[in-house]
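Coordinate-derived values only; no laboratory data. As the structure is a computational prediction, the values presented were derived from the model and not from experiment. Please note: Cβ atoms are built from the backbone with ideal geometry, for glycine as well, and neighbour counts cover all protein chains shown.
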Amino acid sequence: MTARTDVGSYARRKARWHWSEIGFWILALACALLFPSRYLIMTDILRLGLFAISLDLILGYAGIVSLGHAAFFGIGAYAAGLLALHGIVAEPVVALLAAGFAAAAVGFLTSFLVIRGADLTRLMVTLGICLLLEALAERFSNITGGTDGLQGIEIQPLFGLFAFDIFGRTGFFYSLAVLFGLFLLARRIVHSPFGLSLRAIRNNPLRAAAMGIPVNRRLIVIYTIAAFYAGIAGALFTQTTALASLDVFSFERSADLLLMLVIGGTGYLYGGIIGAALFKVLQAFFSGITPQYWQFWMGLVFVVIVMIGRQRMHRWIMWVPNLMLGRLAEYRSALAAHRGDVQ
Amino acid sequence: MTVLFTILFDGVAYGMLLFVLACGLAVTLGLMNFVNLAHGAFAMTGGYICAVLVNRSGWPLFAALPLAFAGSALIGALLERLLYRHLYRRSHLDQVLFSVGLVFMSVAAVDYLMGSSRVFINLPAALEGQIDVLGVGIGRYRLMIIVICGLLTVALQLILARTRFGSRLRAAVDDPRAAIGLGINVPQVFAITFAFGCGLAGLGGALSAEILGLDPHFPLKFMIYFLIVVTVGGSSSMTGPFLASLVLGLGDVAGKYYVPKMGPFVIYTILIFILIWRPNGLFGRSDNR
């Protein structure tokens, strides 16, 4: 077996759907039936999950640390809001795509700034771009509505059939469908040869370049794709809440996003969704204790996670499931060996 | 013409203040390569210590300032020993998460303890009003800031360049392994430097309450300014950050005066272009250390 087929078979094995993944999505759909009174918060989780997948694509797979990912979320949110407000594109799905492409265009243009320099410069540039956009949105308040945000957005019914209701039922299924569709695309991307090359770049850019991978071009492409995802997440935010204000560009949004992804774990796509759900649960829990000062406890979670160590934490959490799976495998192999003896 | 001089004067005062606030970060981020986004939290601590002492206990301002320094330095030393030192070798992502967590905690804690509104420090009468020099109105408080910060800058430069501790610090930063081999207690040098930088930030925070405004969101609002000073100034010496602070101060004051509507837009644009042009900062080293 040559190295090429080896890598190919490995990648193909990894790309195969695992039963736990199917279970995950069935569970997500089941949530809709189990908690019919919680559509709004579940929609929020789905949206954040999509946003976190977007960050996972560049952080978990390509190793770009971004402190200003809210920039693209904000562009998507404002694009969707403006399109709906002025009645340019009435159909939500088309507006969603348009907002995504707007964010992708900005992502493409700014990616040239991001690929220059090392970690620290990237942090600064991404943060700077986000602040710049926030300042721009504030400056052109006649378009964006300034601190008040866009007023009076009305989202037309989906395909002209399903109106966005007050309980968020349509919004939830719409978000779930969008998330699932984009998740499939992301899954396809990260298991493709392109995705494998990204991982090579993350692990060692110099070596990847020596192997003939066009590092900068790959980073530009994935950064643009991630911006598209974040734009869609922002547009979903506007469409399901009929809101878009300066707050979409806030630094806290980018920082919370990093926390979500780190809670869930980077580099396997589900981390973003799981992290978003855990983050929302934590947030609800802390605001239940202290409505005004929940940020303190959230900050404490940040600090504790880092002090314990991200890898170690995942090992602890996965300890029981791994133990059970290990036992099961042992039992099976023992059973198989026993059968072999009998025959 | 008078307007120009006033802008120049205010800009220099603002820039000097930024330097005192950010020079501690120039060491942790620029030299020790630790992304400490929580630097502003130490500045805020100093500011609030000063405000409590002056406003509630009736201390004179000049007695409260050294205590603002000492208080922030103490907290800085404590946190360095307990938490920061474990993270020097970790990835930048870990450091970012950790320091953002600290910022969130400090914002909420100060909000809880001191309330969310802006705090003013009562100034002694001698520092209020303006002096007229050749027709240019010069604020007394800003003049005092320039004097204090100017003296501090000279002192810092002398400590770094002339004292034994300064040479130890430079050695520890340039090559920690060789420095340990020579018998320098590198962790101790880092701890002292870190605490000293936090103390300076605290002093800067106390001085800046009048100019920048002091409220619980201080660390978030000015985080980008501190980072700009360090990344634009580079880390080869104290001169780089110093010049960067002056340019930033002058640019910000002039920008607010001439193009008030563009707000911080000008500063961010300049920042991004400088980083694209010279990723290691204007006065940075050429190698990728």
Ranked output for segments A:163-169, B:248-254, A:115-121 by mean other Cβ atoms within 10 Å, highest leading, reads B:248-254, A:115-121, A:163-169
When A:25, A:17 are ranked with the fewest other C-beta atoms within 10 Å first, the list becomes A:17, A:25
For residue B:261, counting only lysines whose alpha-carbon sits under 29 Å away and dropping same-chain residues fewer than eight positions off, the answer is B:221
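Using mean Cβ contacts within 10 Å as the protection proxy, how do B:119-127, A:260-268 order, highest first?
On the way: B:119-127: 13.6, A:260-268: 21.6.
Final packing ranking: A:260-268, B:119-127.
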One computes Rg over Rh for chain A from alpha-carbon atoms, with the Kirkwood Rh, and obtains 1.01
Sorting B:53, B:238, B:112 by the position of each Cα along the dipole of the stretch B:2-277 (Lys, Arg +1; Asp, Glu -1; all at Cβ), the one nearest the positive end of that ordering is B:238
With bins of 10 Å, the percent of all Cα-Cα pairs of the stretch A:1-56 per bin from 0 is 19, 30, 28, 15, 8, 1
Rounded to whole angstrom, the alpha-carbon centroid of the stretch A:141-187 lies from that of the stretch B:36-54 at a distance of 42 Å
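Let me confirm one metric for peptide A:126-135, namely the mean number of other chain beta-carbon atoms within 10 Å of its residues' beta-carbons. Walk me through the numbers before you get to the answer.
On the way: counts 0, 6, 12, 3, 2, 8, 7, 1, 3, 8.
Mean shielding count: 5.
Within 10 Å of each residue's Cβ, count the other Cβ atoms and sort A:125, B:96 from fewest upward.
On the way: A:125 25, B:96 21.
Result, fewest neighbours first: B:96, A:125.
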Residues whose built amide H sits under 5 Å from the amide H of residue A:158, excluding neighbours closer than 5 in sequence, are A:163, A:164
Residues of the stretch A:156-173 with backbone N under 11 Å of the label point set 7 Å from the Cα of residue A:91 along Cα→Cβ are A:159-160
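How many percent of all Cα-Cα pairs in chain B sit more than 23 Å apart? Walk me through the numbers before you get to the answer.
On the way: 22631 of 41616 pairs.
Looking at chain B, the distances longer than 23 Å represent 54 percent of pairs.
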Length gained if residue A:278 through residue A:323 is fully extended, taking 0.36 nm per residue and subtracting the Cα-Cα distance, is 13.9 nm
Summing -39500 (n - 2.57) over every DSSP H run of at least 4 residues in chain A and dividing by its residue count gives a helix-only mean residue ellipticity at 222 nm, to the nearest 500 deg cm²/dmol, of -25000 deg cm²/dmol
In nm, the gap between the two label points placed 7 Å beyond Cα toward Cβ at residue B:3 and residue A:156 is 5.0 nm
Per the rule of 0.36 nm per residue minus the C-alpha distance, extending residue B:70 to residue B:56 adds in nm 3.2 nm
Between residue A:6 and residue A:209, the two model label points (7 Å from Cα along the beta-carbon direction) sit apart by a distance in nm of 2.7 nm
Per residue convex hull volume, Cα only, the protein assembly as shown, in Å³ is 200 Å³
Placing +1 on each Lys and Arg Cβ and -1 on each Asp and Glu Cβ in the stretch A:3-293, then taking the dipole about the Cα centre, the residue among A:259, A:231, A:189 whose Cα reaches farthest towards the positive end is A:189
In whole Å, largest first, the alpha carbons of the stretch A:186-233 cover along the principal axes 35, 19, 14
Rounded to the nearest 10, the angle in degrees between the Cα long axis of helix A:294-308 and the longest principal axis of the Cα atoms of chain A comes to 30 degrees
With label points set 7 Å from each Cα along the Cα-to-Cβ direction at residue A:163 and residue A:139, the distance between them in nm comes to 4.1 nm
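What's the magnitude of the charge dipole for the stretch B:2-277 around its Cα centre, counting Lys and Arg as +1 and Asp and Glu as -1 at the beta-carbon? Answer in Debye, nearest 20.
500 debye
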If the label point sits 7 Å along Cα→Cβ of residue B:157, residues of the stretch B:237-252 with amide N under 15 Å come out as B:237-247
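If you place +1 on the Cβ of every Lys and Arg, -1 on the Cβ of every Asp and Glu, and leave all else neutral, what size is the dipole of the protein assembly as shown about its Cα centre, to the nearest 20 Debye? Each step should come with its number before you reach the end.
Working: 45 positive and 28 negative charges, 443 e Å.
With only Lys, Arg, Asp and Glu charged at Cβ, the dipole is about 2120 debye.
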For the stretch A:179-279, the Cα-Cα pair-distance distribution in 5 Å bins from 0, as whole percents, is 2, 11, 16, 22, 20, 14, 8, 4, 1, 0
Mean other chain Cβ within 10 Å across A:63-71 is 2
So for the stretch A:93-233, using the alpha carbon gyration tensor with a ≥ b ≥ c as root eigenvalues (a/c under 1.5 gives rounded; past that, a/b versus b/c decides prolate or oblate), I'd call it oblate
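Hey, could you grab the Kirkwood Rh for the stretch B:28-162? Inverse mean 1/r over distinct alpha carbon pairs, Å, one decimal.
Values: mean 1/r = 0.0573 Å⁻¹.
Result for the stretch B:28-162, one decimal place: 17.5 Å.
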In degrees rounded to 10, the 0-90 angle between helix B:61-82 Cα long axis and the longest Cα principal axis of chain B is 30 degrees
Checked against the positive end of the charge dipole of chain B (+1 on Cβ of Lys and Arg, -1 on Cβ of Asp and Glu, about the Cα centre), the farthest of B:282, B:160, B:218 is B:160
In degrees rounded to 10, the 0-90 angle between helix B:39-51 Cα long axis and the longest Cα principal axis of chain B is 50 degrees
Taking every residue of B:265-273, the Cβ atoms of other protein chains inside 10 Å of its Cβ average out to 5
